[in-house]
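Participant: There's a structure below that I have some questions on.
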Amino acid sequence: MSDANLIHDQVKLIVAKIFDVPLQDISSDFGIDSCEQWDSITHLKLVASIEDQFQIQLSPEEQTDMLTLELIEDVLNGRV
């Protein structure tokens, strides 16, 4: 399994847990516009969980760019 696939699977698990959404409902375009639970508080929880999981510190710019599953993976693929 490639690093990109591992990142994808781990991010999906985090997103499912934070937003209380079944894994099968999470596609690459899952994000702030398609999830009514996605607000500023859950976004901060998502960022913190990702930082913990991948043992990285995300910049404020990276954090604000992470608005869909695909964008989260783009940020992580450049860092992990």
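Participant: Which of the residues that make up segment 34-64 are surrounded by 12 or more Cβ atoms within 10 Å (Cβ to Cβ) and more than 23 Å from GLY78 (Cβ to Cβ)?
Facilitator: Of everything in segment 34-64, those that are surrounded by 12 or more Cβ atoms within 10 Å (Cβ to Cβ) and more than 23 Å from GLY78 (Cβ to Cβ) turn out to be SER34, CYS35, THR42.
Participant: May I ask you to list the residues in segment 20-33 that are open to solvent by less than 80 Å² (accessible area, probe 1.4 Å) and closer than 20 Å to ASP74 by Cα?
Facilitator: Of everything in segment 20-33, those that are open to solvent by less than 80 Å² (accessible area, probe 1.4 Å) and closer than 20 Å to ASP74 by Cα turn out to be LEU23, ILE26, SER27, SER28, PHE30, GLY31, ILE32.
Participant: Shifting gears a bit: Looking at the structure I just gave you, is PHE30 at pLDDT 95 or above, more than 10 Å from the chain's Cα centre (by Cα) and aromatic (Phe, Trp, Tyr)?
Facilitator: No; evaluated as a whole, the condition is false for this residue.
Participant: Quick check on this structure: which one of GLU61, GLU70 is under 9 Å from the mean Cα position of the chain (by Cα) and of a type in the set (D, E, K, R)?
Facilitator: Going through GLU61, GLU70 in turn, the sole match is GLU70.
Participant: Related question: Report, ordered by the first and then the second residue, all pairs with beta carbons closer than 6 Å, sequence separation of six or more or different chains, a first member in segment 1-20 that is within 14 Å of CYS35 (Cα to Cα), and a second member that is among the charged types (D, E, K, R).
Facilitator: Between residues of segment 1-20 that are within 14 Å of CYS35 (Cα to Cα) and residues that are among the charged types (D, E, K, R), the close pairs are ILE18/LYS45.
The values are calculated or read from the model by the stated rules, or taken from the named source; none is laboratory data. Computed from a prediction, not measured in an experiment: that's the story for all the values here. Backbone-built Cβ (ideal geometry, glycine too); neighbour counts: all protein chains shown. When the accessible area is computed, the model is the full protein with side chains, heavy atoms only, and any ligands, DNA or RNA have been set aside. Shrake-Rupley method; radii C 1.70, N 1.55, O 1.52, S 1.80 Å.
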